[in-house]
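Engineer: Before I ask anything, let me first share the structure, which is written out below as structure tokens.
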Amino acid sequence: MRSPRPSLFPLWPALGSVLLLTGCGGGGFAGDSQARQDENGQVTVRMLVNISPNLTQAYWDGLVKPFEQANPGIDVEIEAPTGKGVADTLPQQLAAGNAPDVVETLMADETLAKQMLDLTDQPWAKDTPLAEQAKLGGRIYTVGVGVQAQSLVFYNKTAFDKAGIERPPTTFDEFDAAMGKLRTAGYLPLQTGGDFLTGLQLLQLTNPSRAQTHPTWQQDVKAGTIKAGESMLPHLERYRTWIDKGYVDKNALGMKYADAETAFLSGKSGMYVMGSWFTATEAKADKDFEVGVFPAPVDEGQQYPGPQGATLAAPYMILKSTPIKDAALKLVQWLVTDPAAVKSQLAQDGNFRTGVERDFTPLEKEVQAILDAAPAGVPQGEGYGDASLPKGFNSAWNTEVQGLYVGKSPKDVAEGVDRWLAGRS
């Protein structure tokens, strides 16, 4: 995740070139511990974080306050992005020689890992969520607080009742039938929008079925044994029928993410595909209907529920160049292992962690049950760790999928995706 944010579809302009410039001399730690200490020996750890409606500057300041109180020699300086987001800001800071000590939101890839501290030898790191799945070349660079379920369909229970839908659909054919009933009942069947939302939702919705057809999808695409667009063509063709039948708003691209969210919570639509962070937003909404959730459907004949799309919630990395390695390690360990800090972050952004008990809303209980019942968790889109596609894939996919709204055929969209990947192989 974390709240919906640009980092879900990160933009990494010039990051590769920045890291090439900064990476050559990055084998050790720049400077020494005195570089970030004041005359009283106080160490300042700079942490670049995502700022969102849930994760405000005030929240971050409050989160780390107990850590500072328990470690009076360490001050944590929370830094908000100066660019479009963390993914846009970090390259700028690296280029300026002003990198933070800790970065939140991003996950290591083959390029970024060169700038990050290897955490494999930290005993606590091995027990953090998705640590094994997020390994890159067998090494741990990213540790997180919890898990975001990605393949969820939130639905308006009142709309389902009025449409005569007795139970949530489990297959895509049943999903199509439910949308037809919702439209007849006067609801927009499936809420979507522009920004990054269009392509993200299609990836989220198709994770469970794609993971059964192609269990190692990212690796196979990267190896060239399958083509991403071609493998997703059946889903693109189905999506186009939803546009043609009015199951999604034909003018959806003009709707901002926040407006799409508001439209669903105002009761105007029947279903809304989104990650588990939506539960935090739903809990705060003033509405006159109950929201339910079910796992994304699968193709006929596949196991249901299928593998759940899963990403690391609140991922942290430590810059290899930090002159205050020990303080940065102590902070990150506390953020991902301290019970109170973990519960706070999970609750604040609607995330989950097996074995951690906290006060759940009714909707969060349903999400936790879905996670517990899922046969596996799988990466989506660009993926993470060794199951990664080139950076920028999510954005390229989103652009191509939006082409369905302006006259492109599903085949054209699939070929556009594959051309983009071919240019980065």
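Engineer: Which ³J(HN,Hα) values in Hz, rounded to whole numbers, follow from the phi angles of region 197-210 under the Karplus curve 6.51 cos²θ - 1.76 cosθ + 1.60, where θ = phi - 60° and Gly and Pro get x?
Structural biologist: Computed from phi, the couplings for region 197-210 are 5, 4, x, 4, 4, 5, 5, 4, 5, 9, 3, x, 7, 5 Hz.
Engineer: In debye, nearest 20, what is the charge dipole magnitude of the chain about its Cα centre with +1 on Lys and Arg Cβ and -1 on Asp and Glu Cβ, if you could check?
Structural biologist: Rounded to the nearest 20 debye, it is 660 debye.
Engineer: If you don't mind, another one. Which whole-Hz couplings ³J(HN,Hα) result when phi for each residue of region 366-375 is put into the Karplus expression 6.51 cos²θ - 1.76 cosθ + 1.60, θ = phi - 60°, listed in order with x for Gly and Pro?
Structural biologist: Taking θ as phi minus 60°, the curve returns 5, 5, 4, 5, 5, 4, 5, 8, 5, x Hz for region 366-375.
Engineer: Another question, if that's okay. Between THR44 and GLU300, what FRET efficiency follows from the Cβ-Cβ distance if R0 is 45 Å, with the result rounded to 0.05?
Structural biologist: So the FRET efficiency works out to roughly 0.20.
Engineer: Would you calculate the separation in nanometres between label points at THR82 and ILE243, each defined as 7 Å from the Cα along the Cα-to-beta-carbon direction?
Structural biologist: 4.0
Engineer: Right, here's the next one. Search the structure for amide H atoms under 5 Å from the amide H of VAL378, placed 1.01 Å from N in the peptide plane, and list their residues when 5 or more places away or on another chain.
Structural biologist: Residues meeting the criterion, in which the H sits 1.01 Å from N, are GLN308, GLY309, ALA310.
Engineer: Follow-up. ASP338: net charge of surrounding residues, Cβ under 14 Å, Lys/Arg +1, Asp/Glu -1, itself excluded?
Structural biologist: Combined, the nearby Lys, Arg, Asp and Glu give +3.
Engineer: Among the DSSP beta bridges whose two residues both lie in the chain, what percent are antiparallel, rounded to the nearest 5?
Structural biologist: Restricted to the chain, the bridges split so that about 60 percent are antiparallel.
Engineer: What percent does the relative contact order of region 290-414 come to when contacts are Cα pairs within less than 8 Å and at least six residues apart? Display every interim value, and only then the final one.
Structural biologist: On the way: 87 pairs, mean separation 35.8, N = 125.
Once divided by the residue count of region 290-414, the mean separation gives 29 percent.
Engineer: Which log10 I(q)/I(0) values, to two decimals, does the chain give at q = 0.07, 0.10 Å⁻¹ under the Debye formula with one point per Cα?
Structural biologist: Reported log10 I(q)/I(0), two decimals: -0.33, -0.68.
Engineer: Residue by residue through region 229-235, which ³J(HN,Hα) values in whole Hz follow from phi under the Karplus form 6.51 cos²θ - 1.76 cosθ + 1.60 (θ = phi - 60°), with glycine and proline marked x?
Structural biologist: Whole-Hz 3J(HN,Hα) from phi for region 229-235: x, 4, 5, 9, 4, x, 6.
No lab work stands behind these numbers, since they all come straight from the coordinates. Everything numeric here is computed off the predicted structure, so don't read it as measured data. Cβ sites come from the backbone with ideal geometry, for glycine too, and all protein chains shown count toward neighbours.
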